[in-house]
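We did not get these values from a lab; they are worked out from the coordinates using the rules stated. None of the values given here were measured: they were computed from a predicted structure. Every residue, glycine as well, gets a Cβ built from its backbone with ideal geometry; the counts of neighbours run over all protein chains shown.
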Amino acid sequence: MTLALDRTAQDLLFREAHTAHTFSDEPVSDEQIQAVYELVKYAPTAFNQSPLRITLVRSAEARDRLLKHMAQGNRPKTSTAPLTAILSVDLEFHERLPELLPHAPDLKDTFFSEAEVRETSGTFNASLQAGYFIVGVRAAGLAAGPMSGFDRHGVDKEFFGDGTQKSLLVINIGKPGEEAYRPRQPRLTYEDAVTTL
Ligand SMILES: Cc1cc2nc3c(=O)[nH]c(=O)nc-3n(C[C@H](O)[C@H](O)[C@H](O)COP(=O)(O)O)c2cc1C
């Protein structure tokens, strides 16, 4: 009773949610991903900078371009997932700040004028958004298979040639296939992870 979310939703989003390693043939529509985005766009980011960008890899041609940059162990599932998303950080996110933070439009040219500041802040905040995206995929009744096992430089060159976006995570998305889930590994206890001062 401590949690506001009902038990079924808790299980869907957390307790029974696993990283999927195989997927069924059932397609994932653009509408489903849009519904996910319409939820997860509310993730908090510093100064509302919203630096995450999502590239949907749907066509056979785009999939082939991605597969060659995936680690060997990640290739079979990436070649058979109905949809794969490349999550990246837009290093020029500050250009949109006047729209996203209308009461402080000058931040674009002050706080975020240096590329190094944008890369550090953007990478951190886009990674937060990536976590929300995984939860959003689960909220749509789909399984997510996040992977950092890929050649980042290769993916960036292949998909983001001009250097203004950097890949963070590749996520397979779909209904789970046969033996999709590996056994749950232990998690740290509350006492291990939380310190109250
Ligand atoms: C950032 C990130 C990178 C990951 N990279 C890979 C990967 O390259 N290949 C893979 O098979 N699983 C990868 N995983 C999946 C994790 O191993 C998995 O989420 C973790 O073991 C927990 O499993 P569970 O969700 O089934 O409890 C990754 C997960 C995250 C969040």
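Within the shell of other residues whose beta carbon sits under 15 angstrom from the beta carbon of residue 107, the net charge comes to -3, with Lys and Arg scored +1 and Asp and Glu -1.
Across the alpha-carbon atoms of the stretch 63-178, the computed radius of gyration and Dmax are 16.2, 52 angstrom. For the pair residue 9 and residue 37, what calculated FRET efficiency results from E = 1/(1 + (r/R0)^6), where r is the Cβ-Cβ distance and R0 = 22 Å, to the nearest 0.05? So the FRET efficiency works out to roughly 0.70.
Sparse packing (at most 13 other Cβ atoms within 10 Å of the Cβ) combined with a DSSP loop state is found for the following trypsin sites (Lys or Arg not before Pro) in the stretch 89-197: 184, 187. Suppose we look only past 24 Å in the calculated P(r) of the chain. What percent of the Cα-Cα pairs does that tail hold? Tail of P(r) above 24 Å: 47 percent of Cα pairs.
Geometric descriptor of the stretch 31-103, per residue, is 128 Å³ (volume of the convex hull of the Cα atoms). Compared with the alpha-carbon gap, the fully stretched path from residue 16 to residue 75 is longer by 18.7 nm at 0.36 nm per residue. Model label points for residue 96 and residue 124, set 7 angstrom from Cα along the Cα-to-Cβ axis, are 2.0 nm apart. For the options 151, 11, 90, a Gaussian network treatment of the chain with springs between C-alpha atoms closer than 10 Å singles out 11 as fluctuating the most.
For the stretch 1-87, the set of chymotrypsin sites (Phe, Trp or Tyr not before Pro) satisfying both a DSSP loop assignment and a count of at most 10 other C-beta atoms within 10 Å is given as 42.
Residue separation of residue 68 and residue 139 scaled by 0.36 nm, minus their Cα-Cα distance, works out to 22.5 nm of gained length.
GNM remark for the chain: springs join alpha carbons under 10 Å apart, and the peak mean-square fluctuation among 165, 32, 185 falls on 185. Taking label positions 7 Å along the Cα-Cβ direction at both residue 116 and residue 58, the computed distance is 4.1 nm, reported to one decimal.
Given +1 at the Cβ of Lys and Arg, -1 at the Cβ of Asp and Glu and no other charges, the dipole of the chain around its Cα centre is 540 debye to the nearest 20.
A Stokes-Einstein calculation at 25 °C with viscosity 0.890 mPa s, built on the Kirkwood radius of the stretch 97-165 over Cα pairs, returns a diffusion coefficient of 167 µm²/s. Relative to the current alpha-carbon distance between residue 164 and residue 196, full extension at 0.36 nm per residue lengthens the span by 7.5 nm. Applying both filters, DSSP loop and at most 16 other Cβ atoms within 10 Å, to the GluC sites (Glu not before Pro) of the stretch 79-124 gives 92, 114.
The lysine pair tally for the stretch 52-190, using Cα distances under 14 Å and a gap of 8 or more places or different chains, is 4. Dipole of the stretch 29-113 computed with +1 at Lys/Arg Cβ and -1 at Asp/Glu Cβ about the Cα centre; of 42, 89, 71, farthest Cα towards the positive end is 71.
For the stretch 48-88, the Kirkwood hydrodynamic radius comes to 11.0 Å, computed from all pairs of different C-alpha atoms.
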